[in-house]
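The values are calculated or read from the model by the stated rules, or taken from the named source; none is laboratory data. Treat the numbers as computed from the prediction; the structure is a model and nothing was measured. Note that we place each Cβ from the backbone using ideal geometry, even for glycine, and neighbour counts take in every protein chain shown. Quick note on the areas: whole protein, heavy atoms, side chains included, nothing else; ligands and nucleic acids left out. Shrake-Rupley method; radii C 1.70, N 1.55, O 1.52, S 1.80 Å.
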Amino acid sequence: MSLSNVSRRGFIKTAGLASGGLVIGISFPTSAKSVDGNEIKAAFNPNGFIHLAENGDTLIYCGRCEMGQGVSTALPSAVADEMEADWGRVTVKQADGNEEIYGSQATGGSASIREMYQPMREAGAAAKLMLIAAAAKVWKVKPKDCYAEAHFVVNKNNNKKLNYGELASIAATMDVPSSPKLKTKDEFRYIGKSLPRHDQGKAVRGELIYGVDTKLPGLKYAAIVHCPVLGGHLKSLDSSAALKMKGVSDVVEISRFNVPYGSIGGVAVVANNSWIAQQALKKLKIEWELGSNKIYDTKTYKQQLVKNVEKPAQLAVERGDVNKAFKEAKHRVKATYTGGHLSHAPMEPNASVVWVNDDSCEVWASTQSPADIQKVLAQYLKREPKDILVHVMMAGGAFGRKFKCDYVQEAAVISEKVKAPIQLTWSREEDMRTGYYHSISAQHIEASLDDDANITGWLHRAAFPSISSLFDPSLDRAPANSLGEINTYPFGIANFRSETGEAKAHTRIGWYRAVYAIFYGFACSTFADELAHKAGKDPLAFLTQAFANNTISDLDVAAKRCQGALSLAAEKAGWGKKLPKGQAIGIAVHYSFRSYVAMAVHVEVINDVIKVLNVDCAIDCGQILNTDGATAQMEGAVVMGMSLALSTEVTFKEGAVVNSNFHDYPVMRIKDMPNVRVHIVESDEGPTGLGEPGVAPFAPALSNAVFAASGKRYRDIPFKPMTV
Amino acid sequence: MNKTIVINDIEHTINVDSDMPLLWFLRDDLEITGTKYGCGTGLCGACTVHVDGQAVRSCITTVGSVVGKRITTIEGLSENADHPLQKAWLNNNVPQCGYCQAGQIMNAASFLATNAAPTEDEITNAMQGNICRCGTYQRIKTAISEAADEMRKEA
């Protein structure tokens, strides 16, 4: 990665930037290869920037998409820290879609802070050194005679000060240092502290602009209905009644986009008000040819998945000799676990504003990947991606759904057709049934124990329609590499075998916050608890022994860090203390997205009614950028984990989703909120993510707690599905 | 005769059908977008506004039913985001994505106006209709409690 002084370049025309001042660009090496296969040295590609104006105002751009996870505060604060900028002088701007300038803007996989921490720090540090050099020039002293502090450079000899604004234009003439020295941990001003989010002032005033909020002159409003079954298509359409309604102007048919995150197509109504469009939609007379997925019934499908994992399946990974271990085993335990589909159900349903003109295409959308919007719309409109201007708006929750911008593609089709800017809002019902769902799953685990409670063998079968099915619908099961989290589980058992069972996809499958960690974490940590009880051992002691027994050197660090998080959560929860009748604590730890999260869940179970009292979370994600943000992520992960563990499941009948709104998709509400306490494992490791890792350990910790409190073992999530 | 409605102290003429939900008159006709659409059926609370000071779900409240009434949206709750709830919300860093927060605050404001010293149970009962998918419930509870304390002090 390299830094560049782009102060004098005229290409920065973004509104809101004062003229003059210091501008820093960052470039990531682009690995382009020339015809003969040699790497081409990267052309100048500034990547994200800081702008310091002559009045001291500081703009910092955030390339990754803000969806409530706090990235647009965390990353800019790392810049400000190294720059010794006063956060009070900083304005954060969300970058438009432009990966040439900002590098990858795909926001997901809990990777943004991990990937951008170092580059952001270096940019800030470089700016600081240039400002110091500028002051040194003014005072005719050496840079080492100066230091920077909170938007000023100070002369050590006489304590004279120059503020950053005064120095900006001189700093702009300086060379950019190539490897600027970074702060040590004890020098951090903002990193590792709890800076409030830059956007929350607007949030409490109702002034944040989401994808669904943008207004334009001549804006029209659209509503859409999609085929309820994947792979089906429109058979007949009578739009006469809809078109007669006052306020309705058009009915537009949208064809399927044949790309992995493409719209499945549908029929849209355009009107002068969203509600009128929705009412008119109901008057469309539509017949669908449902297609072959109309047989999809999740009740029978799940039963089949269970059958598929309770018999030999296709080998994924094998090491040692599981059969031998089982033959020689003193004790054998086996269990089957299932999970249902989940819908992301963010509070903001899919919506976007798109304006297609002959010579321009402008998008205002909540999205997790503006580059994908540029690519797909460019292909559709037969233009260049750089001609598709994507404004990344605040997302009202995403959790993985807004990585797939079918709702933007549709708005573009409508806008092009009716020659007006279009705001398309999916109804909640449409959002619920036209998703990219978390996989339905079944897992079967068999393990052997010796007399000393050591796990001597582990066989693990999983069957679930995978995300890979989006890219290859012919897949009849999850590919072997989708079982990676099981294969590298930090127990590191020597005799191990994993198998993937048959599971064809009959709906779109997508990344749902924590992805496969949800069902892998549930199965592994619940089964480990079952092993502990079978061995007659305290679960914490059993897990401690299991991690200590790890035989795979590559997993040593993971095993240790899992143990560290687990011990901390258990200790803070008061593990081992006597509790009133009907109360118990269950523990679980899971390693996912390079971070380690343990939970100790304290429940009270009376007559099969589960009440979660306290949850102690321990997180090990390396250096934390914002402790308040990290805590907030864990509180949110408990709520999401609790929803999916207890009550929410998307079911299909005759190919279509049965659930429609929040009455039959009962997400968790405030009355059930437990007391969540978050404990941080201090670490000097680089930062790893926290958007997703907190979700996985809740469900197994809950199953373990409920078992300890009541003797009832839940192996199927959700524990208490609604009969829909 | 023109039907009118007062929104945040400004009078507006109603030029839509009386069966249109207030939410969509606010958002699409008047372009006041702080009030959000979450479910359209009164299940999630994102659309909460005040009608004569009382919280209602604007997605299931028709324009016709509020003719001549005074509506307050999040934009009109205070002059300077200085309602005790807004201050407590900032003090406790409540919002994550923020989409549900206007509805949360408006619902809480109406509740606190009728119950100055709520217990924790009374708070969660009152707020049970407002969903947050980011999971900010713990902080919402703390913020409402804090705001109630401040409002009692001011009284």
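Of note, B:Ile5 satisfies the criterion of being farther than 22 Å from B:Gln128 by Cβ and open to solvent by less than 10 Å² (accessible area, probe 1.4 Å). Of the residues screened, A:His391 is not one that is under 30 Å from A:Ala645 (Cα atoms) and not aliphatic (A, V, I, L, M). Inspection of region B:115-123 finds no residue satisfying the criterion of being within 11 Å of another protein chain (Cβ to nearest Cβ), within 29 Å of A:Gly400 (Cβ to Cβ) and modelled with pLDDT of 95 or more. Taken over region A:196-241, residues that are more than 30 Å from B:Ile32 (Cα to Cα) and open to solvent by 60 Å² or more (accessible area, probe 1.4 Å) amount to 3. Among the residues examined, A:Ala123 qualifies as at pLDDT below 95 and either closer than 27 Å to A:Ala630 by Cβ or touching a strand residue (DSSP E or B) at 6+ places or on another chain (Cβ under 9 Å) (or both).
Taking region A:680-692 as the range and being surrounded by fewer than 19 Cβ atoms within 10 Å (Cβ to Cβ) and under 22 Å from the mean Cα position of the chain (by Cα) as the test, the residues that pass are A:Ile680, A:Glu685, A:Gly686.
For region A:653-697, name all the residues that are more than 29 Å from A:Glu430 (Cα to Cα) and within 14 Å of chain B (Cβ to nearest Cβ). If the condition is that a residue be more than 29 Å from A:Glu430 (Cα to Cα) and within 14 Å of chain B (Cβ to nearest Cβ), then A:Pro674, A:Asn675, A:Val676, A:Arg677, A:Val678, A:Leu690 are the ones that fit. For region A:180-197, the condition holds for no residue, the condition being that it is in contact with a helix residue (DSSP H, G or I) (Cβ under 7 Å, 6 or more places away or on another chain) and in a helix (DSSP H, G or I).
Keeping to region A:544-574, report how many residues are over 12 Å from A:Val589 (Cα atoms) and open to solvent by less than 50 Å² (accessible area, probe 1.4 Å).
Of region A:544-574, the ones over 12 Å from A:Val589 (Cα atoms) are A:545-546, A:548-557, A:571-574.
Filter once more, so that each one left must be open to solvent by less than 50 Å² (accessible area, probe 1.4 Å): A:545-546, A:550, A:552, A:555, A:573-574.
Of the residues in that region, 7 qualify.
Among the residues of region A:126-158, the ones that are surrounded by fewer than 17 Cβ atoms within 10 Å (Cβ to Cβ) and closer than 15 Å to A:Gly56 by Cβ come to 2 in all. Condition check for A:Met347 on (1) closer than 30 Å to B:Ala102 by Cα; (2) surrounded by 24 or more Cβ atoms within 10 Å (Cβ to Cβ); (3) touching a Ser or Thr at 6+ places or on another chain (Cβ under 6 Å): one failure, at (3). Taking every residue in region A:615-640 that is more than 8 Å from chain B (Cβ to nearest Cβ) and on the phi > 0 side of the Ramachandran plot and pairing it with any residue that is part of a loop (DSSP other than H, G, I, E, B) and of a type outside the set (Ser, Thr, Tyr), at least 6 positions away or on another chain, the pairs with Cβ-Cβ distances below 7 Å are A:Gly622/A:Glu685; A:Gly622/A:Gly686; A:Gly622/A:Pro687.
Contact map, region B:34-52: residues that are in contact (Cβ under 8 Å) with a residue 12 or more places away in the chain paired with residues that are β-branched (Val, Ile, Thr) and assigned to a loop (DSSP other than H, G, I, E, B), Cβ distance under 6 Å, separation 6+ or inter-chain. Pairs shown: B:Gly34/B:Thr73; B:Thr35/B:Thr73; B:Cys44/B:Ile131; B:Cys47/B:Thr35; B:Val49/B:Thr35; B:Val49/B:Thr73. If you scan region A:304-319, which residues turn out to be open to solvent by 60 Å² or more (accessible area, probe 1.4 Å) and either on the phi > 0 side of the Ramachandran plot or touching a helix residue (DSSP H, G or I) at 6+ places or on another chain (Cβ under 9 Å) (or both)? Within region A:304-319, A:Gln314, A:Leu315 meet the criteria. Restricting the first member to region A:277-303 and to residues that are exposed (fewer than 14 other Cβ atoms within 10 Å of the Cβ), and the second to residues that are assigned to a helix (DSSP H, G or I), the beta-carbon pairs closer than 8 Å and six or more apart or on different chains are A:Lys285/A:Ala241. Cβ separations smaller than 6 Å between residues 6+ apart or across chains give no pair from region B:138-155 residues that are more than 17 Å from A:Val676 (Cβ to Cβ) to residues that are modelled with pLDDT of 95 or more and open to solvent by 30 Å² or more (accessible area, probe 1.4 Å).
If you check A:Lys161, A:Lys246, which single one turns out to be within 11 Å of chain B (Cβ to nearest Cβ), at pLDDT 95 or above and open to solvent by 10 Å² or more (accessible area, probe 1.4 Å)?
On the way: A:Lys161 fails: within 11 Å of chain B (Cβ to nearest Cβ).
Exactly one of A:Lys161, A:Lys246 is within 11 Å of chain B (Cβ to nearest Cβ), at pLDDT 95 or above and open to solvent by 10 Å² or more (accessible area, probe 1.4 Å), namely A:Lys246.
Only residues that are among the hydrophobic types (A, V, I, L, M, F, W, C), in a loop (DSSP other than H, G, I, E, B) and modelled with pLDDT of 95 or more: list them for region A:691-724, please.
Answer for region A:691-724, where residues must be among the hydrophobic types (A, V, I, L, M, F, W, C), in a loop (DSSP other than H, G, I, E, B) and modelled with pLDDT of 95 or more: A:Val695, A:Ala696, A:Phe719.
The single condition among (1) closer than 30 Å to A:Thr300 by Cα; (2) of a type in the set (S, T, N, Q); (3) open to solvent by 10 Å² or more (accessible area, probe 1.4 Å) that A:Asn659 does not meet is (3). Here B:Ser110 meets the list (1) out of contact with any Pro (no Cβ under 6 Å at 6 or more places or on another chain); (2) at the interface with another protein chain (Cβ under 9 Å from one of its Cβ atoms) almost entirely, failing just condition (2). Residues that are among the β-branched types (Val, Ile, Thr), more than 14 Å from chain B (Cβ to nearest Cβ) and touching a Leu at 6+ places or on another chain (Cβ under 9 Å) within region A:174-213 comprise A:Val176, A:Ile191, listed in sequence order. For region B:95-137, filtering for residues that are under 20 Å from B:Thr33 (Cβ atoms) and touching a residue at least 12 places away in the same chain (Cβ under 8 Å) leaves 18. If we scan region A:504-516, do we find a residue that is farther than 30 Å from A:Phe257 by Cα and open to solvent by 10 Å² or more (accessible area, probe 1.4 Å)? For region A:504-516, residues farther than 30 Å from A:Phe257 by Cα and open to solvent by 10 Å² or more (accessible area, probe 1.4 Å): absent. Pull up region A:584-613, narrow it to residues that are open to solvent by 50 Å² or more (accessible area, probe 1.4 Å) and under 25 Å from the mean Cα position of the chain (by Cα), then point me to the one that is nearest to A:Ala541 (Cα to Cα). Once the filter is applied, the top-ranked residue is A:Tyr591. In summary, A:Ala222 fulfils each of the numbered conditions (1) more than 11 Å from chain B (Cβ to nearest Cβ); (2) of a type outside the set (Lys, Arg); (3) on the phi > 0 side of the Ramachandran plot with the single exception of condition (3). Under 19 Å from A:Pro700 (Cα atoms) and open to solvent by 10 Å² or more (accessible area, probe 1.4 Å): does that describe A:Ala494? Against the criterion (under 19 Å from A:Pro700 (Cα atoms) and open to solvent by 10 Å² or more (accessible area, probe 1.4 Å)), A:Ala494 does not qualify.
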